[in-house]
Amino acid sequence: MKKFTLAFAVAALAAGVAHADTIKVGVVGPFSGPFALQGKNFKAGIDAFFALNGKKVGDHEIEVVYRDVPTANPAQSKSLAQELIVREKVQYLAGFYFTPDAMAATPLLQQGNVPMVVMNAATSAIVTSSPYVVRTSFTTWQTASPIAKVAKDAGVAKAITLVSDYGPGVDAQTAFKTAFEKEGGSVVESIRMPLSTNDFAPMMQRVKDSGAQALFVFLPSGPPTLAFVKAYNENGLKAAGIKFLATGDLTQESDLPALGEAGLGLTTTFHYAVSHDSPENKAFVAAAEKAIGNPAELSFPAVGAFDGMYVISKMIEATKGKQDAKNAVEAVKGLSWTSPRGPVTIDPDSRHITQNIYLREVAKGSDGKYYNKEIQTFEKQGDPGLAALKK
Ligand code: PHB
């Protein structure tokens with residue numbers, strides 16, 4: 001009897017039979033510390049998905065297990081991902097705010113038979129580090145390339161770039177320069193700052209001295225972005241006519257109340273604005289605001305998480321709840337749907353999301369609240385970074 005049970009268990013495992021009826025999803029993100037608001041947005045997006053779609057896919061109930069990695073910390077991310085796979089027996093890994101945290105966990109996926117759905121981390125190369133990665137956020141190549149065109153159209157010939165010195169920053173710098181030079185512009189100086197930088201006043205003098213007509217900046221959303229925009233205003237760059245160009249990370253909605261009037265007119269390109277005008281977004285925002293508690297805290301990681309849960313639900317449906325990473329990923333290649341951000345598709349070759357990128361300007365609504373106002377759409381943008389990697 002014992003022998004039979006063991007043999008049966010081995011055969012069942014080999015066939016990839018589901019772990020009972022509960023399907024665990026392990027979500028890694030910053031849930032405490034300076035970036036806790038970003039992790040809170042992951043959770044709000046996931047809870048909004050459950051509020052609108054329920055927690056069940058067929059007979060299978062989704063259970064989310066959260067793990068906190070407060071800042072970029074690859075060693076901690078890897079060990080928590082391992083613990084989620086081995087001890088918690090999660091069938092899916094998701095979340096990952098920072099690129100180094102996502103990168104550190106991708107080597108575990110194949111052996112663990114676990115897909116990873118990246119809900120934020122934005123370096124192009126992440127999807128190439130394992131065939132089991134799918135991404136529902138954006139890349140900085142995707143968001144930074146269009147702003148270069150906007151710059152040129154606005155008559156900017158010389159720009160200076162400032163980025164955090166790690167994956168998405170390096171990608172953003174290269175993307176902006178590549179696109180801006182293609183438009184005939186020139187980058188007079190490229191500054192990379194340590195990820196931990198929070199005092200940007202010294203950089204502002206370098207920007208003034210550079211002779212650039214505009215600055216392009218990428219930093220990870222959170223305390224650094226708020227500090228940078230404040231430094232831009234307080235050091236007289238706006239007054240000196242140096243145009244501000246950035247990816248939408250710099251004007252996330254949750255930073256806008258603290259920026260106040262000084263934020264007005266800032267132009268950015270991004271995949272999502274909380275103000276996006278569509279029925280899908282209205283339903284999403286209502287559910288996500290309820291989930292987060294304070295509507296002023298809602299920001300873009302929530303939409304990456306919401307769509308990430310949609311992708312996971314489709315994976316569960318396709319594999320009938322069985323743990324089968326290969327077929328789960330296969331099932332969502334080419335998947336198209338209407339996200340709160342607009343129409344999207346999981347590119348079947350890259351497993352990264354194809355989406356509209358919007359030019360936005362910080363404006364003040366009739367209710368007195370600041371928001372990112374969409375003013376131009378760059379439709380169906382793939383990831384130019386992946387093409388660049390192949391060169
Ligand atoms: C990243 O580490 O990939 C990252 C983090 C925050 C952002 C964008 C990218 O706002």
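The values are calculated or read from the model by the stated rules, or taken from the named source; none is laboratory data. Note that this is a predicted model, so its numbers are computed, not measured. So basically every Cβ, Gly included, is an ideal-geometry build from the backbone, and we count neighbours across all protein chains shown. Just the protein is used for accessible areas: all its heavy atoms, side chains included, with ligands, DNA and RNA removed. Shrake-Rupley method; radii C 1.70, N 1.55, O 1.52, S 1.80 Å.
Mind checking which residues of the range 141-152 are touching a strand residue (DSSP E or B) at 6+ places or on another chain (Cβ under 6 Å) and within 12 Å of the ligand (Cβ to nearest atom)?
GLN142, THR143, ALA144
For (1) surrounded by fewer than 17 Cβ atoms within 10 Å (Cβ to Cβ); (2) more than 16 Å from the chain's Cα centre (by Cα); (3) in a helix (DSSP H, G or I), each residue gets a yes or a no:
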| residue | (1), (2), (3) |
| --- | --- |
| SER196 | yes, yes, no |
| VAL229 | no, yes, yes |
| LEU256 | no, yes, yes |
| THR269 | no, no, no |
| VAL274 | no, no, no |
| ALA288 | no, yes, yes |
| ALA296 | yes, yes, yes |
| SER299 | no, no, no |
| ALA302 | no, no, yes |
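With surrounded by fewer than 24 Cβ atoms within 10 Å (Cβ to Cβ) and farther than 23 Å from GLY222 by Cβ as the only criterion, which of VAL134, VAL127, VAL170, VAL150 stands out?
Answer to the selection: VAL150.
Before we move on, is VAL187 among the hydrophobic types (A, V, I, L, M, F, W, C), over 22 Å from the mean Cα position of the chain (by Cα) and surrounded by fewer than 23 Cβ atoms within 10 Å (Cβ to Cβ)?
The answer is yes for VAL187.
Can we say GLU374 is among the acidic types (Asp, Glu), in contact with a helix residue (DSSP H, G or I) (Cβ under 9 Å, 6 or more places away or on another chain) and open to solvent by less than 60 Å² (accessible area, probe 1.4 Å)?
In short, no.
What single numbered condition from (1) open to solvent by 70 Å² or more (accessible area, probe 1.4 Å); (2) under 17 Å from the mean Cα position of the chain (by Cα) fails to hold for THR354?
Of the numbered conditions (1) open to solvent by 70 Å² or more (accessible area, probe 1.4 Å); (2) under 17 Å from the mean Cα position of the chain (by Cα), the odd one out for THR354 is (1).
So which strands (runs of 3 or more DSSP E) stay within the range 326-391 end to end and still have 1 or more residues that are over 25 Å from THR123 (Cβ atoms) and touching a His at 6+ places or on another chain (Cβ under 8 Å)?
370-381
Scan the range 154-161 and give yes if some residue there is assigned to a helix (DSSP H, G or I) and among the charged types (D, E, K, R), otherwise no.
The answer is no, given that none of the residues of the range 154-161 is assigned to a helix (DSSP H, G or I) and among the charged types (D, E, K, R).
Filter the range 231-254 down to residues that are open to solvent by 10 Å² or more (accessible area, probe 1.4 Å) and within 16 Å of the ligand (Cβ to nearest atom), then give me how many there are.
2
Suppose we keep only residues that are surrounded by fewer than 24 Cβ atoms within 10 Å (Cβ to Cβ) and among the polar types (S, T, N, Q) within the range 326-351. Which one would you say is farthest from SER278 (Cα to Cα)?
ASN327
Is it the case that the range 200-220 has a residue that's in contact with a Phe, Trp or Tyr (Cβ under 6 Å, 6 or more places away or on another chain), at pLDDT 95 or above, over 30 Å from ALA48 (Cα atoms) and of a type outside the set (Val, Ile, Thr)?
Yes; the residues of the range 200-220 include at least one that is in contact with a Phe, Trp or Tyr (Cβ under 6 Å, 6 or more places away or on another chain), at pLDDT 95 or above, over 30 Å from ALA48 (Cα atoms) and of a type outside the set (Val, Ile, Thr).
Scan the range 221-245 and report the pairs whose first residue is touching a residue at least 24 places away in the same chain (Cβ under 8 Å) and acidic (Asp, Glu) and whose second residue is assigned to a strand (DSSP E or B) and open to solvent by less than 10 Å² (accessible area, probe 1.4 Å), with Cβ atoms within less than 8 Å and a gap of 6+ or a chain change.
none
For the range 304-325, give me each residue that is touching a Gly at 6+ places or on another chain (Cβ under 9 Å) and in a helix (DSSP H, G or I).
Selection gives GLY304, ALA305, PHE306, ASP307, GLY308, MET309, ILE316, GLU317, ALA325.
Collect the residues in the range 125-138 that are closer than 22 Å to HIS271 by Cβ, among the small types (Gly, Ala, Ser) and in contact with a strand residue (DSSP E or B) (Cβ under 8 Å, 6 or more places away or on another chain), keeping them in residue-number order.
The answer is SER137, and nothing else.
Restricting to the range 120-137, what's the tally of residues that are within 11 Å of the ligand (Cβ to nearest atom) and part of a helix (DSSP H, G or I)?
3
Pairs, please: C-beta under 6 Å, at least 6 apart or cross-chain, first residue closer than 12 Å to VAL150 by Cβ and in the range 353-381, second modelled with pLDDT of 95 or more and surrounded by fewer than 14 Cβ atoms within 10 Å (Cβ to Cβ)?
From residues that are closer than 12 Å to VAL150 by Cβ, the pairs are TYR358/THR377; LEU359/ILE375; GLU361/ILE375.
Please work out if ALA283 is in a helix (DSSP H, G or I) and within 21 Å of TYR370 (Cα to Cα).
Answer is yes for this residue.
Which residue out of LYS369, LYS391 is at pLDDT below 95 and over 19 Å from VAL118 (Cα atoms)?
LYS391
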